[in-house]
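Laboratory data are not the source of any read-out in this text; all were calculated from the coordinates shown. Not measured: the values here are computed from a predicted model. Cβ coordinates were reconstructed from backbone atoms using ideal geometry, including for glycine residues, and neighbour counts include every protein chain displayed.
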């Protein structure tokens, strides 16, 4: 499969995350599904600030992955950015495993796992293209 497919897959997963974070920011009762499930119902104003930051980070990650796959025509980011995203999503998966709410785990672990695997596959494909032929 081409890298573009994985970039679109990553973007779809990130879009779900951004939508949930923005819903939390707007005061909708999605607190149990954001910020590791530490809130039930609406989040407080401090948590809404964190939700805004998380939405921005997810959107930034999506732009980096889309650029790396060549979907967005611009200078491609360095490989260390892709591997950084893989490391952060892997860390987030481990953190979500310890979330107190099962709905949070059911929602976020597949999203984050998808994002991490898609990014790793794009990074590996980029590395394979750069290897010299013998």
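Mind running the shape call on the stretch 3-127? Use the C-alpha gyration tensor, a ≥ b ≥ c as the square roots of the eigenvalues: rounded below 1.5 for a/c, prolate if a/b tops b/c, oblate otherwise.
The shape class here is prolate.
Highest mean first, how do 11-21, 45-55 rank when packing is the count of other Cβ atoms within 10 Å averaged over residues?
11-21, 45-55
Simple spin-label model, 7 Å along Cα-to-Cβ: residue 19 to residue 125 in nm?
Going by the 7 Å Cα→Cβ label model, 2.4 nm.
Suppose each label sits 7 Å from its Cα in the direction of the beta carbon; what would the residue 83-residue 106 distance come out to in nanometres?
Placing both labels 7 Å along Cα→Cβ, they lie 3.7 nm apart.
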